[in-house]
Amino acid sequence: QVQLVESGGGLVQAGGSLRLSCAASGRTASSYRMGWFRQAPGKEREFVAAISGSGVITSYADSVKGRFTISRDNAKKSVYLQMSSLKPEDTAVYYCAAAEGGRPVRRINEYGYWGQGTQVTVSL
């Protein structure tokens, strides 16, 4: 079992930055591939970024490429999402997710463990 707890969300002006954190618990948490997803009101949950268990391989949605960076610290069992140049359309609840296996994946149904989410609001 893996438990995930996100933090770091908040209100920020357009063009600003935020860093989300996801703390994982569980004996094998550091070996899981991890992902960030988001869900805006009235919209489906969508892929944002993912990272392999080793941290070497990353994957990003086109909408955030060049603005967001995913990273992990396996010693701390934590995954991070550094968000820069934020836009109002980035407003959503952001979820951390974990999946068994190696390479990062984008499909929601590949992830078996989810956090409770953290709200990110970007104002004009």
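The values are calculated or read from the model by the stated rules, or taken from the named source; none is laboratory data. Keep in mind that this is a model prediction, so the values were computed, not measured. For neighbour counting, all protein chains shown are included, and Cβ atoms are generated from backbone atoms with ideal geometry for every residue, glycine included. Heavy atoms of the whole protein, side chains included, go into the accessibility calculation; ligands, DNA and RNA do not. Shrake-Rupley method; radii C 1.70, N 1.55, O 1.52, S 1.80 Å.
Taken as a whole, the condition of being modelled with pLDDT of 95 or more and in contact with a helix residue (DSSP H, G or I) (Cβ under 7 Å, 6 or more places away or on another chain) applies to residue 45. Suppose the filter is under 25 Å from residue 121 (Cβ atoms) and open to solvent by 30 Å² or more (accessible area, probe 1.4 Å); does residue 79 pass it? Criteria not met by residue 79. With the condition kept exactly as written, say whether any residue in segment 49-61 is open to solvent by 50 Å² or more (accessible area, probe 1.4 Å), under 23 Å from residue 124 (Cα atoms) and part of a loop (DSSP other than H, G, I, E, B). There is no residue in segment 49-61 that is open to solvent by 50 Å² or more (accessible area, probe 1.4 Å), under 23 Å from residue 124 (Cα atoms) and part of a loop (DSSP other than H, G, I, E, B). Scan segment 28-43 for residues that are more than 17 Å from residue 121 (Cα to Cα) and surrounded by fewer than 23 Cβ atoms within 10 Å (Cβ to Cβ) and the total you get is 4. The residue of segment 22-40 that is nearest to the chain's Cα centre (by Cα), among those that are over 12 Å from residue 97 (Cα atoms) and either free of Cβ contacts under 8 Å to residues at least 12 places away in the same chain or part of a strand (DSSP E or B) (or both), is 39.
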